[in-house]
């Protein structure tokens, strides 16, 4: 039998019902914040992604040569394509530019729950401002997108890579050392982290201080750890102002977490993540922050921030929380009682469809009993039975499929009532 | 500069506005007919498409090996994947099964207007019935999808490959001869067709008769051309009944065109096409019919029909017809007159957004004059100017961006009015 490729999925009507609900809800929230939708191709030249993430990314993505010998790839994420698009065609637009998008992405990963080779992302970028109110709005939007969909249990953590780097600098960590400890910080592996610092020959007081910084949950305390305030004070004040807006204007709950680690070459300051604990091990559902990609891609320097939301994980988290997705119902199912009724039934179905409701009709000439069974199998709210006796009197029989009640009704009265 | 791959496109907010309008309209029509949405992966094993279309298709599609050495491809169309999905997981569902879908497809083609390497298709399949009313409904839906979107100038042509094949049989044409003349019939190259028949050694009377069949526009006349009526009479009567339903019940305009040629290995009877003359040379916007793929893929035999609509061509045809796409407007743009107003302004924006309208805010602290300019550049309907004097009085200034009229209004009155 023909199979679908490993790590990819088919989506049934029930799945699509959920997916369309989530996409429409996300789109509505993005638009409420003045964001505008864009779309880029699924295939891109490989160099777009190696320029952003280095050559090592090649092992993790689908790449292939086109017939002209150029290296193509299936996009592993959407920010690089959108920034390419921005530099190519949108640089002259008035700033700030607020863009959002949905798209399938591809990673050559080992598939597991919440990790697929073909997955969908939602995301956005705000280009042209790094004011605290812009960043606070961005963060609160990410939170509200998930809340508006109906995800209940989410945790928002906010960090800052400039501040983290400042402390790395104080510890005089080399680039390789930073690379080594970052995953340990990310996964909160404190014992392993202590071991690494020990190996690096750092004195224990410094290590203890650094571990305390990671634990700090109050931005005002961070200043106490800082020796050379000039270097980092602006960044801390910015973060304070962002927190003020989130607290007092947007009334969003969040945690300071200076141990948030995202790609250091790419993110430049603020970073944030949203976790959905219902997801278990793969609980991160959203990630973003301030980054610099326009520069790397050769565009005119301007501040950028954005985030991505895992579309599939959002759906899994709703399912885990037993969210009550809106059900798709068919308004009417039409049953001609015999073959002579078909022509007139098709005419009636047209009249009803013109009222913008969902209508189906028996297309197998299978009789009233079997048709009623099918009608309830496809979740029809009402069946309309069209027989010669009633039709002679310009009437049809309508049956409420939930209660089983049925009555004879004049056709024009029925049409008018819809 | 980083480029996008040849034959692929980026879509701007204006493009997406059009594309979302078209997709939503198409989805609404499919659902009105009781069709349910499904989705399949962009990547499929290559054998899915070679099984359907033969090895020659490899030259026309993107193929690549995964890291395990299996041949993958970017899907060139959506019917084969949906039928694979049906056989794998939907065979036990009550019949008929009405499925629709949207998806990006890929062909390694020479790009030109209306032909892209990455393009989008909409389509549907009805599985489990070949009754004339089912086929008539399918055809009328394809027509109404385009009319409901707003495409005005479309031409619906209906043919039948069983009937065409009957006449091929009468002429005793070999498989190769059929293959040779089919593109000539498709493009109505009558002189070339005559030349080919001459080369095949057919007598002129027979050729003249065949050409007259191609010209017939009345299904009742077709019978006059037929010697052995038993073989083909059912098919003709079916087609007559389809035409009756289209005429009298659905009131759809169409033409009989026995010269419609689609893949003979795949389509089995009814075929139809819709042309949008506004598109010029590449004017076919929809194509479909009855086909047999379930058999080829090893599923349990059941009749299937469907069609595909070119999504990109639909948009081009609307643009050619100067269709007035609904415009996206921002409801409110908020302007804090100075930095001290930001915190309160963000609070106000939350109140307004909770009313489910689209609101943006100055995120560059650029003052009232420049902000009003930006507000009109992003098509805001109203600007709300938040200053200390008015705010002390629980009021704000609202400016109608079209008329330029502005007035001071109590904040709670404003919120209530939204």
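Every number in this text was worked out from the coordinates using simple rules, so none of it is lab data. For clarity, every value in this text was computed on a predicted model and none was experimentally measured. Because the Cβ atoms are built from the backbone with ideal geometry, glycine has one as well, and the counts that use them run over all protein chains shown.
Among A:286, A:124, A:220, which one shows the biggest mean-square fluctuation in a GNM of chain A, springs joining Cα atoms closer than 10 Å?
Comparing A:286, A:124, A:220 in the GNM, the peak value goes to A:220.
With n ≥ 4 as the cut-off for DSSP H runs, can you work out [θ] at 222 nm for chain B, using -39500 (n - 2.57) per run divided by the number of residues, rounded to the nearest 500?
Numbers: 15 runs with 161 residues, N = 418.
About -11500 deg cm²/dmol.
Quick one: what Rg and Dmax do you get for the range B:9-140 from the alpha carbons, in Å?
Using the Cα atoms of the range B:9-140, the pair Rg, Dmax is 16.6, 48 Å.
Given the options A:54, A:201, A:269, which has the most mean-square fluctuation in a GNM of chain A, springs set between C-alpha atoms less than 10 angstrom apart?
Of the options given, A:201 has the highest mean-square fluctuation.
Between the helical axis of A:13-32 and the dominant principal axis of chain A, each derived from Cα atoms, what acute angle in degrees is found, rounded to the nearest 10?
Compared with the principal axis, the helix lies near 60 degrees.
May I ask for the percentage of alpha-carbon pairs in the range A:330-417 that lie more than 19 Å from each other?
Cα-Cα pairs in the range A:330-417 separated by more than 19 Å: 29 percent.
What are the semi-axes of the equivalent ellipsoid for the range A:323-370, taken as the square roots of 5 times the Cα gyration tensor eigenvalues, largest first, in whole Å? Provide the component values of the computation, followed by the final result.
Numbers: eigenvalues 119, 45, 6 Å².
Output for the range A:323-370: semi-axes of 24, 15, 5 Å.
Could you work out which residue, out of B:370, B:194, B:36, moves most in a Gaussian network model of chain B, that is, has the largest mean-square fluctuation with Cα springs under 10 Å?
B:370
Tell me the relative contact order for chain B as a rounded percent, counting alpha carbon contacts under 8 Å between residues six or more apart. Numbers along the way, then the final one.
Working: 631 pairs, mean separation 65.3, N = 418.
Relative contact order comes out at 16 percent.
Normalising by the residue count of the range B:330-417, find the relative contact order in percent from Cα pairs under 8 Å and 6+ residues apart. Provide the component values of the computation, followed by the final result.
Working: 135 pairs, mean separation 27.2, N = 88.
Relative contact order for the range B:330-417 comes out at 31 percent.
Quick one: in the range B:172-232, what % of C-alpha pairs are over 15 Å apart? Working shown, then result.
On the way: 1017 of 1830 pairs.
Across the range B:172-232, Cα pairs with separations above 15 Å total 56 percent.
Along the axis that rotates chain B into chain A, which residue of chain B has the nearest beta-carbon, and what is the gap in whole Å?
Nearest to the symmetry axis by Cβ: B:64, 2.
With the convex hull built on the Cα atoms of the range A:131-263, state its orientation-averaged projected area in nm². Provide the component values of the computation, followed by the final result.
On the way: hull surface 35.0 nm².
Mean projected area for the range A:131-263: 8.7 nm², to one decimal.
If you rank A:282, A:137, B:301, B:31 by fewest surrounding Cβ atoms within 10 Å, what's the result? Provide the component values of the computation, followed by the final result.
Working: A:282 14, A:137 27, B:301 8, B:31 19.
Ordered from fewest to most neighbouring Cβ atoms within 10 Å, A:282, A:137, B:301, B:31 come out as B:301, A:282, B:31, A:137.
For the range A:270-417, what ratio Rg/Rh do Cα atoms give with a Kirkwood hydrodynamic radius? Walk me through the intermediate numbers first.
Details: Rg = 26.2 Å, Rh = 19.6 Å.
Using Cα coordinates only, the ratio equals 1.33.
Compute the whole-percent fraction of alpha carbon pairs in the range B:1-48 spaced more than 16 Å apart.
Summing the P(r) tail past 16 Å for the range B:1-48 gives 66 percent.
Measure nothing fancy, just the Cα-based angle from helix A:190-200's long axis to the longest principal axis of chain A, in degrees from 0 to 90, nearest 10.
Compared with the principal axis, the helix lies near 30 degrees.
Stretched out fully, how many nm does the piece from residue A:91 to residue A:28 gain, at 0.36 nm a residue minus the Cα gap? Please report the intermediate quantities before stating the final value.
Details: separation 63, 0.36 × 63 = 22.68 nm, distance 2.55 nm.
Gain in length upon complete extension: 20.1 nm.
If you rank A:92, A:320, B:401 by fewest surrounding Cβ atoms within 10 Å, what's the result?
Numbers: A:92 6, A:320 16, B:401 20.
Taking fewest neighbouring Cβ atoms as first place, the list is A:92, A:320, B:401.
For the range A:27-105, list log₁₀ I(q)/I(0) at each q in 0.27 Å⁻¹, using the Debye formula over Cα point scatterers of equal strength and ignoring solvent, two decimals each.
Log-scaled intensity ratios, in q order: -1.28.
What list do you get for A:192, B:234 if you sort them by fewest beta carbons within 10 Å? Don't jump to the answer; show the numbers that get you there.
On the way: A:192 14, B:234 10.
Listed from fewest to most nearby Cβ atoms, that is B:234, A:192.
How far, in nm to one decimal, is residue B:152 from itself in the other copies if the label point is set 7 angstrom along Cα toward Cβ? Shortest first, please.
Label-point separations across copies, in nm and ascending: 5.4.
Any number yet on Rg/Rh for the range A:13-320, C-alpha, Kirkwood?
Numbers: Rg = 19.7 Å, Rh = 20.5 Å.
When Rh is taken as the Kirkwood radius, the ratio is 0.96.
What gaps in nm, shortest first, separate residue B:320 from its twins in the other copies when you place the label 7 Å past Cα toward the beta carbon?
Copy-to-copy label distances at residue B:320, shortest first: 5.1 nm.
Principal axis extents for the range A:74-142, Cα atoms only, whole Å, descending order, please.
Principal-axis extents of the range A:74-142 (Cα, largest first): 41, 29, 14 Å.
Which value does Rg/Rh take for the protein assembly as shown over its C-alpha atoms, Rh per Kirkwood?
Ratio value, two decimals: 1.02.
Assume the label is 7 Å from Cα along Cα to beta carbon: what separations in nm does residue B:221 have to the matching positions in the other copies?
Label-point separations across copies, in nm and ascending: 9.0.
Could you give the C-alpha radius of gyration of the range B:210-286 expressed as a fraction of 2.2 N^0.38 Å, taking N as the number of residues it contains?
Numbers: Rg = 14.0 Å, N = 77, 2.2 N^0.38 = 11.5 Å.
Against the compact-globule rule of thumb, the ratio is 1.22.
With contacts defined as alpha carbon pairs under 8 Å and 6 or more residues apart, what's the relative contact order of the range A:185-291 in percent? Don't jump to the answer; show the numbers that get you there.
Values: 80 pairs, mean separation 24.5, N = 107.
Contact order relative to length: 23 percent.
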